[in-house]
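See structure below.
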Amino acid sequence: MPEAIPISFDVAALDQVVFNSDGLVPAIVQDDADGQVLMMAWMNRESLQRTLETGRTWFWSRSRQEYWCKGETSGDRQYVRKALYDCDGDTLLFVVEQEGRGACHTGERSCFFRFFDGPIVNS
């Protein structure tokens with residue numbers, strides 16, 4: 001079973017993150033095992049800090065207006081192994097150990113399973 005390991009961080013680095021007018025920043029989640037992009041979700045400063053402090057991914061749900069820890073309902077948990085921000089500070093990247101079926105709420109391993117040049121896949 002994977003272990004949640006807090007990610008050390010410097011508050012000055014946290015201050016480098018650029019949040020949009022809604023106080024959010026996109027967070028890309030990538031599988032540590034094979035590099036596959038699993039999902040994208042939104043974080044605010046609090047969910048980013050919770051993620052770093054707990055070693056589990058926390059996001060802000062725009063539709064429900066609440067925090068959610070990935071996998072608490074589905075069992076498809078994510079354990080953070082690396083946490084990065086891009087050169088502009090406006091996008092986050094989390095490399096995770098994915099537990100369970102995968103990251104997508106449809107049951108797919110990745111949210112990115114539909115191709116523009118192929119048939120529409122219904123899950």
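The values are calculated or read from the model by the stated rules, or taken from the named source; none is laboratory data. Only a predicted model underlies this, so the values are computations on that prediction, with no experimental measurement involved. Cβ coordinates were reconstructed from backbone atoms using ideal geometry, including for glycine residues, and neighbour counts include every protein chain displayed. Surface areas here come from the heavy atoms of the whole protein model, side chains and all, with no ligands, DNA or RNA. Shrake-Rupley method; radii C 1.70, N 1.55, O 1.52, S 1.80 Å.
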| note | Screening ARG101, ARG64 for residues that are surrounded by fewer than 16 Cβ atoms within 10 Å (Cβ to Cβ), touching an Asp or Glu at 6+ places or on another chain (Cβ under 7 Å) and either of a type outside the set (Lys, Arg) or part of a loop (DSSP other than H, G, I, E, B) (or both) leaves only ARG101
| said: Scan the stretch 84-93 and tell me whether some residue there is outside any loop (DSSP other than H, G, I, E, B), without any contact (Cβ under 8 Å) to a residue 60 or more places away in the chain and open to solvent by 60 Å² or more (accessible area, probe 1.4 Å). | reply: yes
| message | Tell me yes or no: at least one residue of the stretch 4-11 is in contact with a Ser or Thr (Cβ under 9 Å, 6 or more places away or on another chain) and open to solvent by less than 70 Å² (accessible area, probe 1.4 Å). | response | yes
| query | So which residues in the stretch 21-38 are free of Cβ contacts under 8 Å to residues at least 60 places away in the same chain and surrounded by fewer than 15 Cβ atoms within 10 Å (Cβ to Cβ), if there are any at all? | reply | SER21, ASP22, GLY23, ASP34, GLY35
| request: Tell me which of these GLN16 doesn't satisfy, since it passes every other one: (1) open to solvent by 80 Å² or more (accessible area, probe 1.4 Å); (2) in contact with a strand residue (DSSP E or B) (Cβ under 6 Å, 6 or more places away or on another chain); (3) part of a loop (DSSP other than H, G, I, E, B). | output: (2)
| request: Please enumerate the residues belonging to the stretch 19-41 that are in contact with a Lys or Arg (Cβ under 9 Å, 6 or more places away or on another chain), under 24 Å from SER63 (Cβ atoms) and assigned to a loop (DSSP other than H, G, I, E, B). | output: PHE19, ASP22, GLY23, LEU24
